[in-house]
Amino acid sequence: MLKYPHLFSPIKVGNVVFRNRIFASPTGWVDIKDDCTLGENAIDYYAEKAKGGAASVCVGECQVDHPRGSRGGRCIDLLNPFNLFYLGRIADKVKRHGAVASAELSHCGRYGGKHLGPSEGEVDGHAITAYTEEQIESIIDNYVKSALNCKMRGFNMVTIHGGHGWLPEQFFSEYTNTRTDKWGGSRENRARFAVTICDRIHEACGRDFPIEIRISASELSQGYGVEEGIEYAKALDGHADIIHVSMGVHGTLSNDEWQACSPTMFAEEGALVEYAAAIKKEMKHSLVGTVGSLSTPEYMEEVIASGKADFVNCARALLCDPYLPNKARAGKDDEIRPCIKCMSCWSSIMTGMLVCALNPRTAREAEFPENMEAEVKKNVVVIGGGIAGMEAAVTAAKCGHSVTLLEKNGYLGGGMHCEEKVPFKKYFRRYLEFQTRNLEKEGVTVRLNTEATPELMEEMKPDVILACVGSKPACPPIPGVDGKNVVTAQYAFENPDKLGKKVAIIGGGLVGCELAIFLDMEGLKTDVVEMGPMINAPGLSSQGLAVKREMRARGMEATFNATATKITEEGLYYTQGGEEKFIEADTVIVAAGQKALAEEAFAFAPYAPEFQMIGDCSSVANILTAVKNAYTIARDL
């Protein structure tokens with residue numbers, strides 16, 4: 001008997017059979033070239049999700065009205081015959097592995113580069129011109145042509161992006177649609193655009209060709225609320241076969257509520273399920289999918305078994321581990337690489353690419369084929385059991401090398417270990433447990449409480465030394481920084497009960513601000529002082545926005561453009577705008593970045609024919625950089 005019988009129960013929609021209830025949601029900008037064609041990484045990226053067991057795999061960023069409906073950046077032009085060749089290859093590969101191939105039909109409307117929308121208005125300082133009726137009909141025709149093109153190239157289904165502030169939602173929302181013709185005014189008229197698209201696609205492609213439509217159950221403070229979102233779904237009931245329920249608007253980044261569509265580490269798993277459940281109660285014909293921070297098969301099973309939704313749509317969970325469905329079906333939950341909600345994928349999308357902090361193969365499957373067997377087997381010593389060291393050791397062992405991991409402490413995880421008490425870092429704990437199991441599974445010899453020394457290297461005689469010795473807290477030259485009331489961020493994470501009632505944090509990076517949130521949860525009054533103009537989150541801008549949003553929700557605000565000048569027993573002095581100010585604090589916490597332990601790593605360079613420095617000892621960065629470099633270097637051995 002299957003461990004998750006409801007999650008893995010097949011279902012037929014129209015003339016299409018889905019092997020289970022897990023859909024791979026559309027994700028954007030995977031190896032799309034300047035001419036809007038796709039590279040091999042994109043083709044293999046989607047095929048990997050199908051091979052991993054998802055029931056449906058949806059290709060993202062497919063535009064029905066390029067360039068009028070594009071928001072800039074790269075996209076797949078569904079009306080360009082040359083692009084359709086590559087889409088056909090994706091559909092073929094996805095279906096070969098037993099999944100349903102779907103394509104996202106997207107139109108950005110008022111957020112596109114031509115500044116056109118349902119009604120006049122303004123977006124980020126640009127005036128919006130209202131569509132004429134002829135333009136509306138032309139766009140609907142393009143949706144239909146695009147869907148038909150997808151069907152003719154082998155796709156089994158299409159997914160209309162009608163949420164997150166994209167064009168169908170712009171027509172439905174009375175906040176972006178003030179028309180007085182048949183496309184505006186009443187709910188029926190405002191829903192007409194989305195309903196007409198669904199009906200005409202069914203007319204062109206057949207009633208047995210399923211249509212999934214993503215909607216936002218609420219636009220939050222930017223627009224309509226949940227009651228109106230339910231009415232949006234009711235208008236689509238029976239016109240779309242599957243209603244995929246999300247939340248929020250991300251057409252513009254001038255606000256931070258766009259994150260509602262991808263709940264961060266501060267939200268509970270399944271943060272949006274209640275909205276899908278509310279809509280499902282109202283549906284008479286359409287099935288319902290839910291999305292948003294769905295990570296574990298246990299929870300997904302509960303969602304389906306309880307009738308809250310018919311499908312679970314996963315993006316980040318399958319970026320992190322595309323084989324989650326197969327592993328869950330086989331009852332191998334402990335082999336699933338857990339998404340840590342770090343928002344690296346979102347941050348990378350903003351720069352026109354896609355990465356996962358924990359899965360270096362994501363969107364690079366063609367570059368890194370599954371076969372990792374090294375031609376020459378080597379004796380590898382990894383010095384340091386932090387994030388980089390664990391990944392390097394696991395990867396080298398998978399390549400067939402004999403690997404020994406040396407860690408001077410009595411635990412693995414490096415700097416992440418100190419955050420084990422932090423509620424919103426529970427996903428990080430799961431990852432450390434996952435990697436610890438991998439070390440054992442791959443036969444890595446782990447020696448804790450073992451200080452690596454040149455003498456030990458002489459004794460072990462490795463072929464390869466991978467130095468992953470990490471970094472140490474940077475200590476700014478501030479008078480009083482050596483006082484008894486001054487501690488590091490690591491100490492504060494580990495000992496929140498020893499900090500007193502009021503703390504001041506020097507450093508408004510992710511570490512300092514996440515620490516501030518944790519200490520606020522613990523009931524401490526916390527002030528953050530940062531030299532820069534904003535939360536310092538290089539390479540992780542989306543996580544920076546998530547932290548900012550969480551701090552604001554808690555009534556917290558960091559002090560920016562401020563320089564710490566002196567620490568006393570009473571607290572912290574700083575200057576801002578030429579004026580000296582004071583924060584009363586029982587404890588002052590220094591979270592002013594890290595200093596690479598490069599010299600410590602250099603000491604091991606002479607003791608093996610091959611030597612590499614990985615992680616913070618090479619260049620202080622983040623978990624994404626540590627993991628991808630460790631993986632790549634270990635595969636190169």
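Bear in mind that the values in this text are calculations on the coordinates, not laboratory data. Computed from a prediction, not measured in an experiment: that's the story for all the values here. Cβ placement follows ideal geometry from the backbone for every residue including glycine, while neighbour counts extend to all protein chains displayed.
Sparsely packed loop sites in segment 280-354 (the GluC sites (Glu not before Pro) outside DSSP H, G, I, E and B with at most 16 other Cβ atoms within 10 Å) comprise GLU282.
Normalised by the number of residues in segment 486-592, the mean separation of alpha-carbon contacts (under 8 Å, six or more apart) gives a relative contact order of 37 percent. Summary value for segment 265-406: 15 percent relative contact order, contacts being C-alpha pairs under 8 angstrom separated by 6+ residues. Both the radius of gyration and Dmax for segment 76-120 are 14.9, 46 Å, in that order, over alpha-carbon atoms. By how many degrees, between 0 and 90 and to the nearest 10, does the Cα long axis of helix 623-636 differ from the longest principal axis of the chain? Approximately 80 degrees, to the nearest ten.
For VAL469, the residues whose modelled amide H falls within less than 5 Å of its own, excluding neighbours fewer than 5 places apart on the same chain, are ILE614, CYS617.
Reported to the nearest whole Å, the Cα centre-to-centre distance from segment 177-213 to segment 440-496 is 59. Taking the charge dipole of segment 11-349 about its Cα centre, with +1 at Lys and Arg Cβ atoms and -1 at Asp and Glu Cβ atoms, the residue from VAL303, ALA233, GLY292 reaching farthest to the positive side is VAL303. Antiparallel beta bridges, as assigned by DSSP with both residues in segment 11-349, represent about 15 percent of the total such bridges.
As a ratio to 2.2 N^0.38 Å, the alpha-carbon radius of gyration computed for segment 486-592 takes the value 0.98. In terms of the mean number of neighbouring beta-carbon atoms within 10 Å, the peptides 368-377, 164-173 order highest first as 164-173, 368-377. As a proxy for reagent exposure, MET457, MET353, MET1, MET152 were ordered by neighbouring Cβ count within 10 angstrom, fewest first; the result is MET1, MET152, MET353, MET457. To test your reading of the geometry: what angle, between 0 and 90 degrees and rounded to tens, separates the Cα axis of helix 81-96 from the longest principal axis of the chain? Approximately 70 degrees, to the nearest 10. In order along segment 379-396, phi translates into HN-Hα couplings of 8, 10, 10, 9, 9, x, x, x, 4, 5, x, 5, 5, 4, 5, 4, 5, 4 Hz, rounded to whole numbers, per the Karplus curve 6.51 cos²θ - 1.76 cosθ + 1.60 with θ = phi - 60° and x for Gly and Pro. Put the Cα centre of segment 341-383 next to the Cα centre of segment 524-554 and the gap is 28 Å. Put in line by how crowded their Cβ is, counting other Cβ atoms within 10 Å and starting with the fewest, TYR411, TYR431, TYR224 read TYR411, TYR224, TYR431.
Counting only alpha carbon atoms, the long axis of helix 187-205 and the longest principal axis of the chain meet at about 80°. Segment 52-85 to segment 223-237: how many Å between their Cα centroids? So the separation of the two Cα centres works out to 26 Å. When the Cα positions of CYS468, GLY389, LEU358 are compared along the charge dipole of the chain, LEU358 comes out farthest toward the positive end, with charges on each C-beta of Lys, Arg, Asp and Glu. Placing +1 on the Cβ of every Lys and Arg and -1 on the Cβ of every Asp and Glu, with no other charges, gives segment 11-349 a dipole of roughly 1020 debye about its Cα centre. When only the Cβ of Lys, Arg, Asp and Glu is charged (+1, +1, -1, -1), the dipole of the chain relative to its Cα centre reaches about 1380 debye. When ARG554, ARG337 are arranged by Cβ crowding within 10 Å, least crowded first, meaning fewest neighbours, the order is ARG554, ARG337. Rounded to 0.05, the FRET efficiency of the GLU494 and HIS285 pair, given R0 = 51 Å and the Cβ-Cβ distance, is 0.40.
Pairwise Cα distances in segment 20-70 exceed 18 Å in 35 percent of cases. Taking all Cα pairs closer than 8 Å and separated by 6 or more residues, the relative contact order of the chain comes to 11 percent. Annotation: the antiparallel percentage among DSSP beta bridges lying fully within the chain is about 25. Using Cβ point charges alone (K and R +1, D and E -1), the dipole size of segment 319-402 about the Cα centre works out to roughly 100 debye. Considering only ILE506, ALA626, TYR491, the residue lying farthest towards the positive end of the dipole of segment 480-637 is ALA626, judged by Cα position with unit charges set on Cβ. Normalised by 2.2 N^0.38 Å, where N is the number of residues, the C-alpha radius of gyration of the chain stands at 1.02.
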